[in-house]
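Written below as structure tokens is the structure these notes are about.
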Amino acid sequence: MTRIIMRGCNGRMGQVISEIVSGDEGTEIVAGIDLKDEGRNPYPVFSHLTDCTVAADVVIDFSSPKGLTELLTVCTERELPLVLCTTGFTDDQLAEIEEASKKIAVLRSANMSLGINTLSKLAAAAASILAEAGFDIELVERHHGRKLDAPSGTALRLADDINRELGGGYHYVYDRSGRRETRDTKEIGISAVRGGTIVGEHEIIFAGRDEVIELRHTAYSRNVFATGAVQAAKFLTGKSAGMYDMNAVVH
């Protein structure tokens, strides 16, 4: 049984994870961390991780970059593995996370979906064959109208994984409106669409001469991210210190 402390338990994703864990015989949320609590959870909730003395195997963080230093300090002191689902960290915070990973197991990913991480592997494998054959590479991501960042962190991660597979020689283009020139063969175009209540769509297009190959992932609910976070918590339990990502979970 994997015992989980859920940081951000009363947020939207925290509640989705709580629901998924309630139906999973292999996991249990033993405590939650949130600044406010309405008593709706079947486990105790603390305002700060420093106040929580409940024994656990792993911490899942689905909150915000605020309080990162406290989170890392407590996890390292108690030797608790940490699944970081939060995004938007500064360079200094990323350095803090890297330093903490020398003492505890840390898994951080821009997208916790098992499907997205499988898509990443497929896209890198396809790129290794198609780029050499002259195929152009484009990414299109679609999200709800309230999403603040564009392009999404997941789109950038997919582009990075493809670029890494190709030796890192590609550059990214986000807007072609001010350009009057032909496409560079060493570019990856990334387009962002915002509207409605789209949970998340990521499409990778390999466009060659007289043929096109498309790889696409569509998330119909936030459950896919929560399910991935729970799988990551199971994977990380008992792991030695180091930095992990979802590629290690999807093998």
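The values are calculated or read from the model by the stated rules, or taken from the named source; none is laboratory data. Small disclaimer: the values here were computed from a predicted structure and weren't measured. For neighbour counting, all protein chains shown are included, and Cβ atoms are generated from backbone atoms with ideal geometry for every residue, glycine included. Just the protein is used for accessible areas: all its heavy atoms, side chains included, with ligands, DNA and RNA removed. Shrake-Rupley method; radii C 1.70, N 1.55, O 1.52, S 1.80 Å.
Are there any pairs, at least 6 apart or on different chains, whose C-beta atoms fall under 7 Å, with the first in region 224-251 and closer than 17 Å to Thr154 by Cα and the second aromatic (Phe, Trp, Tyr) and open to solvent by less than 50 Å² (accessible area, probe 1.4 Å), and if so, which?
Within 7 Å, the pairs are Ala229/Phe62; Ala248/Phe235; Val249/Phe235.
Quick one: which residue in Thr87, Thr73 is modelled with pLDDT of 95 or more and either more than 22 Å from Asn223 (Cβ to Cβ) or assigned to a loop (DSSP other than H, G, I, E, B) (or both)?
Working: Thr87 fails: modelled with pLDDT of 95 or more.
Checking each option against the conditions leaves just Thr73.
Tally up the residues in region 202-223 that are closer than 16 Å to Arg142 by Cα and either open to solvent by 50 Å² or more (accessible area, probe 1.4 Å) or touching a helix residue (DSSP H, G or I) at 6+ places or on another chain (Cβ under 9 Å) (or both), please.
Total satisfying the criteria: 11.
From the residues in region 1-16 that are at pLDDT below 95 and of a type in the set (A, V, I, L, M), which one is nearest to Val199 (Cα to Cα)?
Result: Met13.
What are the residues in region 202-231 that are outside any strand (DSSP E or B) and within 21 Å of the chain's Cα centre (by Cα), if any?
Answer for region 202-231, where residues must be outside any strand (DSSP E or B) and within 21 Å of the chain's Cα centre (by Cα): Tyr220, Ser221, Arg222, Asn223, Val224, Phe225, Ala226, Thr227, Gly228, Ala229, Val230, Gln231.
Identify all residues within region 1-19 that are in a helix (DSSP H, G or I) and open to solvent by less than 40 Å² (accessible area, probe 1.4 Å); write none if there are none.
First pass over region 1-19, keeping only residues in a helix (DSSP H, G or I): 12-19.
Result: Met13, Gly14, Val16, Ile17, Ser18.
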